[in-house]
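S.K.: Can you read through this structure? Questions will come right after.
The values are calculated or read from the model by the stated rules, or taken from the named source; none is laboratory data. Since this is a predicted model, take the numbers as computed values, not measurements. Note: ideal-geometry Cβ built from the backbone for every residue, glycine included; neighbour counts use all protein chains shown. Each accessible area value is taken on the protein alone, full model and side chains, heavy atoms only, with ligands, DNA and RNA left out. Shrake-Rupley method; radii C 1.70, N 1.55, O 1.52, S 1.80 Å.
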2 protein chains.
Amino acid sequence: MHILVTNDDGIFNPGIIQLAKSMLKLGKVTVLAPDKNWSVSGHKKTLHKPLRVKKVELIEGIEAFSSDGAPSDCVALALLGLITEKIDLVVSGINPHANIGNDVTYSGTVTAAFEAAISGVPALAFSLDSPDNIDGDCDYSVAGAVATTIADNVIKFGLPVKTILSVNVPYLKIDEIRGFQITRQGLRLYRDALVVRDDPRGIPYYWIGGEFPHGIPEAGTDYGALKEGYVSITPLQLDMTAYSTFEYLSQWKW
Amino acid sequence: MHILVTNDDGIFNPGIIQLAKSMLKLGKVTVLAPDKNWSVSGHKKTLHKPLRVKKVELIEGIEAFSSDGAPSDCVALALLGLITEKIDLVVSGINPHANIGNDVTYSGTVTAAFEAAISGVPALAFSLDSPDNIDGDCDYSVAGAVATTIADNVIKFGLPVKTILSVNVPYLKIDEIRGFQITRQGLRLYRDALVVRDDPRGIPYYWIGGEFPHGIPEAGTDYGALKEGYVSITPLQLDMTAYSTFEYLSQWKW
């Protein structure tokens, strides 16, 4: 069992270090992750310029590399042969914030997993629902233990094709977690606001600001599960076709 | 009817100029598009730095702005209030290449439409299936006429919520097009290959290369419709939950 670990917060983030250590219990681990933070980067493939890869000392017993590509580039590089040994599972994270609702279309953590799924490799994305304004680094130990359990299940049972699991872990102690729930994407309420100011030369600039997004804790959803103290496991598929609209659209005069 | 036009190839690409002109037949048009090419950029939101916006002379009778943000940033800026008049429809494109199969998870053209849908504004993405190695600019006139027809339908009938239409137009003359098909995401075959070389200083670099991706022309899919000479209209939804896997996953030992 050879597991590739990546993330979107950069290779020296404590979240990926915890995730790599947690995967070490299940097999051989290789890390290939961005050399900088790519949060809210979306699914990117760098085709117009070369990428650099550097060997990094990260954790004893794990080969680790950083790249100047995006999270999905790191996965593509590894699967295209930069890592010569066959990769059986790709895990991404641990992201310090939850990825719920439409976050998954922006999330670098999730798109890294999608990149693997496109190549037919099972993939998991892990995110921690840490409080908005935490002082210093999050404690990733509980999320790490959860990651081991879930990856172990995936290795044993296998994932449906073209499906990834986006896992969100509540920021609780291990004995406070009530269990696991299979959930659907919930509703994320974005509270972005446009900040317009003049720069030192009097030229306006625009900054997408506003409050941290919130969610609606509906039962059965990712956010609902988190707020009830459950680990949320949302299966996400590559096929985004809105089949339910076919009949409606076919009635139009084309 | 106020239509916002954007793209991912940059504001001076002939595809967006055609699209803006085609929308002018249906209402007032405003253009806000990236000042550079963002192809294969994914769904991005620029939060960590300010964005700049510049007024641009593009087409007589249309107010146009460029921004140093990504396509989805352009849509966010417009909907957050940079464009003060209410926007009723967002259209993105015309992309010079088809966006089929899993292309939609990478495509800046498509994510611009998703950004609008997240804010509850109907949105359409247009792509042209031009030959791989065309000499000079594509002819966007047929795709422009198709865009007018489809946007007109959307204005009349309305789109289902949280759904966008990803439209792919075959590279044919108008009288060669056989009609419109509502399609599902098909299979895209990526033929990426890793090119490894040494730079002038002897340090290796990695370039994601390989052949242009191909598709499998299965009936009922985006690529299948294109290859039969139809305009492909694929409804895509924001909800990526893989509902069909719920029962299977619930059987696991959590």
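S.K.: Within the stretch B:7-18, which residues are open to solvent by 10 Å² or more (accessible area, probe 1.4 Å) and not in a loop (DSSP other than H, G, I, E, B)?
M.R.: Residues satisfying the conditions are B:P14, B:I17, B:Q18.
Residue by residue, here is whether (1) in contact with an Asp or Glu (Cβ under 6 Å, 6 or more places away or on another chain); (2) at pLDDT 95 or above; (3) not in a helix (DSSP H, G or I) holds:
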site: B:V161; (1), (2), (3): no, no, yes
site: B:V169; (1), (2), (3): no, yes, yes
site: B:Y190; (1), (2), (3): no, no, yes
site: B:R197; (1), (2), (3): no, no, yes
site: B:P200; (1), (2), (3): no, no, yes
site: B:G209; (1), (2), (3): no, no, yes
site: B:F212; (1), (2), (3): yes, no, yes
site: B:E218; (1), (2), (3): no, no, yes
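S.K.: What tally of residues in the stretch A:19-57 results from selecting those that are outside any helix (DSSP H, G or I), open to solvent by less than 10 Å² (accessible area, probe 1.4 Å), of a type in the set (G, A, S) and more than 8 Å from chain B (Cβ to nearest Cβ)?
M.R.: Going through the stretch A:19-57 one residue at a time, the tally reaches 1.
S.K.: Name the residue that is nearest to B:V104 (Cα to Cα), counting only residues in the stretch B:215-235 that are touching a helix residue (DSSP H, G or I) at 6+ places or on another chain (Cβ under 6 Å) and buried (at least 24 other Cβ atoms within 10 Å of the Cβ).
M.R.: The extreme case among them is B:T234.
S.K.: Being touching a helix residue (DSSP H, G or I) at 6+ places or on another chain (Cβ under 9 Å) and open to solvent by 20 Å² or more (accessible area, probe 1.4 Å) is the filter; apply it to the stretch A:63-81 and report the residue that is nearest to the other protein chains (Cβ to nearest Cβ).
M.R.: A:L79
S.K.: Moving on to the next point. Look through the stretch B:220-242, keep the residues that are outside any strand (DSSP E or B) and within 7 Å of chain A (Cβ to nearest Cβ), and return whichever of them is nearest to the chain's Cα centre (by Cα).
M.R.: That would be B:L238.
S.K.: Check off (1) β-branched (V, I, T); (2) within 11 Å of chain B (Cβ to nearest Cβ); (3) surrounded by fewer than 16 Cβ atoms within 10 Å (Cβ to Cβ); (4) under 29 Å from A:A117 (Cβ atoms) for A:V196 and give me the number that stays unchecked.
M.R.: Only one criterion is unmet by A:V196, namely (4).
Quick grid of which residues meet (1) within 15 Å of the chain's Cα centre (by Cα); (2) over 19 Å from A:V91 (Cβ atoms):
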{"site": "A:G136", "(1), (2)": "no, yes"}
{"site": "A:V142", "(1), (2)": "no, no"}
{"site": "A:I150", "(1), (2)": "yes, no"}
{"site": "A:V154", "(1), (2)": "no, no"}
{"site": "A:V161", "(1), (2)": "no, no"}
{"site": "A:K173", "(1), (2)": "no, yes"}
{"site": "A:I177", "(1), (2)": "no, yes"}
{"site": "A:F180", "(1), (2)": "no, no"}
{"site": "A:L189", "(1), (2)": "no, yes"}
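S.K.: Which one is surrounded by the most Cβ atoms within 10 Å (Cβ to Cβ) among residues in the stretch B:134-153 that are assigned to a helix (DSSP H, G or I) and either of a type in the set (D, E, K, R) or facing chain A (nearest Cβ under 9 Å) (or both)?
M.R.: Result: B:I150.
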